[in-house]
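So the structure is just underneath, and the comments pick up after that.
The values are calculated or read from the model by the stated rules, or taken from the named source; none is laboratory data. Here the structure is a predicted model, which is why all the values come from computation and not from measurement. FYI the Cβ positions are ideal-geometry reconstructions off the backbone, even for glycines, and counts take in every protein chain you see.
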Amino acid sequence: MTTSILIVDDDPVQRRLLTAAVERFGYRPTAVAGGAEALSRLAGPDGDAFALIILDLMMPAPDGMTVLAKLKEMDRSIPVIVQTAHGGIDTVVGAMRAGAVDFVVKPVSVERLQVSIENALKLDALEGELARMKRVASGTLTFRDIVTKSPAMERVINLGQRAAASQIPILVEGESGVGKEMIARAIQGAGDRRSKPFVTVNCGAIPDNLVESILFGHEK
């Protein structure tokens, strides 16, 4: 699936140049003329499709800094590359503190823009994976951490969410490598079981005659 990038710039020439460059890099651009339209797109039904924002700082209200502040209010962790014709150190520091991951000065070269986009996407993917691993380790992995476009997997997630809301024992079946443990962890993290330990047992390493006593105990 092609990565979608949102371009926000009030200058039509810059929008055309950025759109052409982003398409050349192999991404899918969506260009808007201001901060209000950008925030509307991000809050809409397709807002989660954007993997990156290229944001002009100096625009009519709401300007780039306001958009960065609104993204924090919306609790959106999408990476943002800011650009402006005024590259003063105070501007750079302010944008980075507001949540930008990189800063480019107009007119930015195609090579510099490509490197910035690639680095921002790699950093976001790494941070997302680290956050997911922390949630797995702490037992707080939920179904929101599972990314899928498969109708079959969507049905599995729906069933898992219903199971998470109950207290009944749950059996997850499937071939090796299809994600049974991930679903089990999501069920635990999404329900009242999240405060309980998640214990994994390799039944294949237990002799057949000892499985029942190890799992359920035995009396001498």
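The residue of segment 36-83 that is modelled with the lowest pLDDT, among those that are closer than 26 Å to GLY26 by Cβ and in contact with a Lys or Arg (Cβ under 7 Å, 6 or more places away or on another chain), is GLY47.
Suppose we filter segment 20-74 for residues that are hydroxyl-bearing (Ser, Thr, Tyr) and touching a residue at least 60 places away in the same chain (Cβ under 8 Å); how many remain?
Of segment 20-74, the ones hydroxyl-bearing (Ser, Thr, Tyr) are 27, 30, 40, 66.
Still in the running and touching a residue at least 60 places away in the same chain (Cβ under 8 Å): 27.
Summing the residues that are hydroxyl-bearing (Ser, Thr, Tyr) and touching a residue at least 60 places away in the same chain (Cβ under 8 Å) in segment 20-74 gives 1.
Does any residue of segment 106-118 turn out to be at pLDDT 70 or above, within 30 Å of ARG193 (Cβ to Cβ), out of contact with any strand residue (DSSP E or B) (no Cβ under 8 Å at 6 or more places or on another chain) and of a type outside the set (Gly, Ala, Ser)?
Going residue by residue through segment 106-118, those that are at pLDDT 70 or above are 106-118.
Filter once more, so that each one left must be within 30 Å of ARG193 (Cβ to Cβ): none.
No; the residues of segment 106-118 include none that is at pLDDT 70 or above, within 30 Å of ARG193 (Cβ to Cβ), out of contact with any strand residue (DSSP E or B) (no Cβ under 8 Å at 6 or more places or on another chain) and of a type outside the set (Gly, Ala, Ser).
Number of residues in segment 201-219 that are assigned to a loop (DSSP other than H, G, I, E, B) and either charged (D, E, K, R) or in contact with a Pro (Cβ under 8 Å, 6 or more places away or on another chain) (or both): the value is 1. Would you mind telling me which numbered condition in (1) of a type outside the set (Phe, Trp, Tyr); (2) out of contact with any helix residue (DSSP H, G or I) (no Cβ under 9 Å at 6 or more places or on another chain); (3) modelled with pLDDT under 70 ALA131 fails? Result: ALA131 fails condition (2) only.
Among the residues making up segment 160-200, those that are part of a helix (DSSP H, G or I) and of a type in the set (A, V, I, L, M, F, W, C) are ALA163, ALA164, MET182, ILE183, ALA184, ALA186, ILE187, ALA190.
Here is a yes/no grid of residues against (1) farther than 24 Å from ILE146 by Cα; (2) under 26 Å from the mean Cα position of the chain (by Cα); (3) exposed (fewer than 12 other Cβ atoms within 10 Å of the Cβ); (4) among the aromatic types (Phe, Trp, Tyr):
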site: VAL178; (1), (2), (3), (4): no, yes, no, no
site: ARG194; (1), (2), (3), (4): no, yes, no, no
site: CYS203; (1), (2), (3), (4): yes, no, yes, no
site: ILE206; (1), (2), (3), (4): yes, no, no, no
site: ASN209; (1), (2), (3), (4): yes, no, yes, no
